[in-house]
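S.K.: For reference, the structure I am asking about is given below.
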Amino acid sequence: MDTVYCDIKLIDPDAHKRYCGITNTRILENLDKLLELSRLGVLDFLPRVPLIPGITATNENIGAIGDYLKARKATRVQVMAYNPLWHGKSVKIGCDDLFAADESMHKFMERDEVGRLTALFEERGLEVV
């Protein structure tokens, strides 16, 4: 294995529980361990942040994730722009589309919006890959 990827969606444990069903305590513990192993040169690690309109793609959340990563001496992060193609797939496999009425969830994110959120990481000295 060349690189380990770990997604961090939400930094706030209550928001994480609301949207993901559990708090992010274990995720953050694992993220800390991966960051430490990366700093020691044991593995190549890339934290990733999926942007979801109105959920993860907020100034507060992205800024807090950036602060969290920077405090742990992370040097880079990958930002993954929202992809709305999951709607059709979820219906095909029998899942409810809880965001069917939310128009922002049915279109790709604007390049400017992705750039604005990416800049929040860059302002904290993180390389966005």
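The values are calculated or read from the model by the stated rules, or taken from the named source; none is laboratory data. The structure presented is a predicted model; accordingly, all values stated were derived computationally and were not measured. No Cβ is skipped: glycine too gets one built from the backbone with ideal geometry, and neighbour counts run over all protein chains shown.
S.K.: Condition (residue is over 24 Å from E110 (Cβ atoms) and in contact (Cβ under 8 Å) with a residue 60 or more places away in the chain) applied to region 37-48: is it met by at least one residue?
M.R.: yes
S.K.: Output the number of the condition that T118 fails; it satisfies all remaining conditions of (1) of a type in the set (S, T, Y); (2) at pLDDT below 95; (3) assigned to a helix (DSSP H, G or I); (4) touching a strand residue (DSSP E or B) at 6+ places or on another chain (Cβ under 8 Å).
M.R.: (2)
S.K.: Inspect all residues belonging to region 33-54 and state whether any of them is hydroxyl-bearing (S, T, Y) and closer than 18 Å to R124 by Cα.
M.R.: So far as region 33-54 goes, no, none of its residues is hydroxyl-bearing (S, T, Y) and closer than 18 Å to R124 by Cα.
S.K.: Here's another thing I want to ask about it. Could you list all residues from region 2-24 that are touching a residue at least 12 places away in the same chain (Cβ under 8 Å) and either outside any loop (DSSP other than H, G, I, E, B) or on the phi > 0 side of the Ramachandran plot (or both)?
M.R.: Scanning region 2-24 gives T3, V4, Y5, C6, D7, P13, A15, Y19.
S.K.: Looking at (1) touching a Ser or Thr at 6+ places or on another chain (Cβ under 6 Å); (2) of a type in the set (D, E, K, R); (3) loosely packed, with under 13 Cβ neighbours inside 10 Å, which is the only condition K9 fails?
M.R.: Failed condition: (3).
S.K.: Output the number of the condition that E36 fails; it satisfies all remaining conditions of (1) farther than 17 Å from V128 by Cα; (2) in contact with an Asp or Glu (Cβ under 9 Å, 6 or more places away or on another chain); (3) among the charged types (D, E, K, R).
M.R.: (2)
S.K.: Still on this structure, I have one more. Residues of region 12-29 being of a type outside the set (D, E, K, R), farther than 20 Å from M105 by Cβ and loosely packed, with under 14 Cβ neighbours inside 10 Å, which ones?
M.R.: Within region 12-29, I22, T25 qualify.
S.K.: What number of residues within region 66-88 satisfy the criterion of being outside any strand (DSSP E or B), within 16 Å of the chain's Cα centre (by Cα) and over 20 Å from S104 (Cβ atoms)?
M.R.: 7
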